[in-house]
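Student: Handing you a structure now.
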Amino acid sequence: MTGQYAELHCHSCFSLREGASTPRELIERAMSLGYHALALTDHDNVYGAMEFSRQATEQGLKAISGAEITLTSGHHLTLLVRDSTGWSNLCQLLTHAYLDWNTKDDPRLDPALLPQHSAGLIALSGCRQGEIPALLMADAEE
């Protein structure tokens, strides 16, 4: 697999105000670029996940499900699903973000919930609004 690229942070039209392409358009573009896999990580939701997974499988592209979750601090955390346990945990975390923060328009997840719902998930720190990049941009390397 040397030399193969997989985009692990991609928003579709289901990320309101952040993505414009449909899952099918993203898959077609990934295929045209020679990607072997693509992660759909819409912001605070998994609305397009089933459509994305089905269409990617039909096209021979490995679909990786996930979401970019907003934490109570306002920082973002991208979570990728590794298995069915991860899918369940991601859905539980998103549910907490919507119900515990008490607003459907601006869900926020308490990071204290991450340890109990981390099985089957892979966390990425690369988003520019992630806590690690924010600290680095503020010269707080320690």
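The values are calculated or read from the model by the stated rules, or taken from the named source; none is laboratory data. Computed from a predicted structure; not experimentally measured. So basically every Cβ, Gly included, is an ideal-geometry build from the backbone, and we count neighbours across all protein chains shown. With ligands, DNA and RNA removed, areas are computed over all heavy atoms of the protein, side chains included. Shrake-Rupley method; radii C 1.70, N 1.55, O 1.52, S 1.80 Å.
Student: Based on the alpha-carbon gyration tensor of the stretch 73-142 and its eigenvalue square roots a ≥ b ≥ c, which shape applies: rounded if a/c is under 1.5, prolate if not and a/b is larger than b/c, or oblate?
Tutor: Numbers: a/c = 2.43, a/b = 1.37, b/c = 1.77.
In terms of gyration-tensor shape, oblate.
Student: While we're here: Please say if the stretch 94-134 is rounded, prolate or oblate, where rounded means a/c under 1.5 for a ≥ b ≥ c the square roots of the C-alpha gyration tensor eigenvalues, and otherwise the choice is prolate for a/b larger than b/c and oblate otherwise? Walk me through the numbers before you get to the answer.
Tutor: Working: a/c = 2.38, a/b = 1.25, b/c = 1.91.
Taking the square roots of the gyration eigenvalues as a ≥ b ≥ c, the stretch 94-134 is oblate.
Student: In the stretch 1-81, which trypsin sites (Lys or Arg not before Pro) fall in coil by DSSP and have 12 or fewer other Cβ atoms within 10 Å? Mind showing how you got there, number by number?
Tutor: On the way: sites: Arg17, Arg24, Arg29, Arg54, Lys62; in loops: Arg17.
For trypsin sites (Lys or Arg not before Pro) across the stretch 1-81 that sit outside H, G, I, E and B with at most 12 neighbouring Cβ atoms in 10 Å, the list reads Arg17.
Student: Could you state the accessible area per residue of the chain in Å², with a 1.4 Å probe and every protein chain left in place?
Tutor: Using a 1.4 Å probe on heavy atoms only, each residue of the chain averages 58 Å².
Student: When the accessible area of the chain is computed with all protein chains present and a 1.4 Å probe, what percentage of it is carbon and sulfur? Show your work: numbers first, answer last.
Tutor: Numbers: 4280 of 8180 Å².
With neighbouring chains kept in place, the figure for the chain is 52 percent.
Student: Same structure again: On full extension of the chain, what length is gained from Arg54 through Arg128, given 0.36 nm per residue of separation minus the C-alpha to C-alpha distance? Could the numbers behind the result be given before it?
Tutor: On the way: separation 74, 0.36 × 74 = 26.64 nm, distance 2.96 nm.
That pair, Arg54 and Arg128, stretches by 23.7 nm at full extension.
Student: Moving on. Taking the DSSP beta bridges in the stretch 6-124 as the whole, what percent of them are antiparallel, to the nearest 5? Before the final figure, lay out the partial values.
Tutor: Numbers: 9 of 17 bridges.
Antiparallel bridges make up about 55 percent of those DSSP assigns within the stretch 6-124.
Student: Taking the Cα centre of the stretch 1-136 as the origin, how large is its charge dipole in debye, to the nearest 20, when only Lys and Arg (+1) and Asp and Glu (-1) carry charge on their Cβ atoms? Mind showing how you got there, number by number?
Tutor: On the way: 9 positive and 15 negative charges, 46 e Å.
Dipole magnitude for the stretch 1-136 comes out near 220 debye.
Student: For a quick check of your reading of the filter: which GluC sites (Glu not before Pro) in the stretch 9-96 sit in a DSSP loop and have no more than 13 other Cβ atoms within 10 Å?
Tutor: Details: sites: Glu18, Glu25, Glu28, Glu51, Glu58, Glu68; in loops: Glu18.
Loop-located and lightly packed - Glu18.
Student: Also: Please go through the stretch 1-37 and write out the chymotrypsin sites (Phe, Trp or Tyr not before Pro) that DSSP classes as loop and that have at most 14 other C-beta atoms within 10 Å. Don't skip to the answer; put the middle values down first.
Tutor: Numbers: sites: Tyr5, Phe14, Tyr35; in loops: Tyr5, Phe14, Tyr35.
Sparse-neighbourhood loop chymotrypsin sites (Phe, Trp or Tyr not before Pro): Tyr5.
Student: Which option, (i) 15.2, 46; (ii) 14.5, 45; (iii) 13.8, 41, is the value of Rg and Dmax of the Cα atoms in Å that was calculated from these coordinates?
Tutor: Recomputing Rg and Dmax of the Cα atoms in Å here picks out (i).
Student: Restricting to Cα pairs below 8 Å that are 6+ residues apart, what does the relative contact order work out to for the stretch 7-142? Please round to a whole percent. The partial results should precede the final answer.
Tutor: Details: 248 pairs, mean separation 25.7, N = 136.
Computed value for the stretch 7-142: 19 percent relative contact order.
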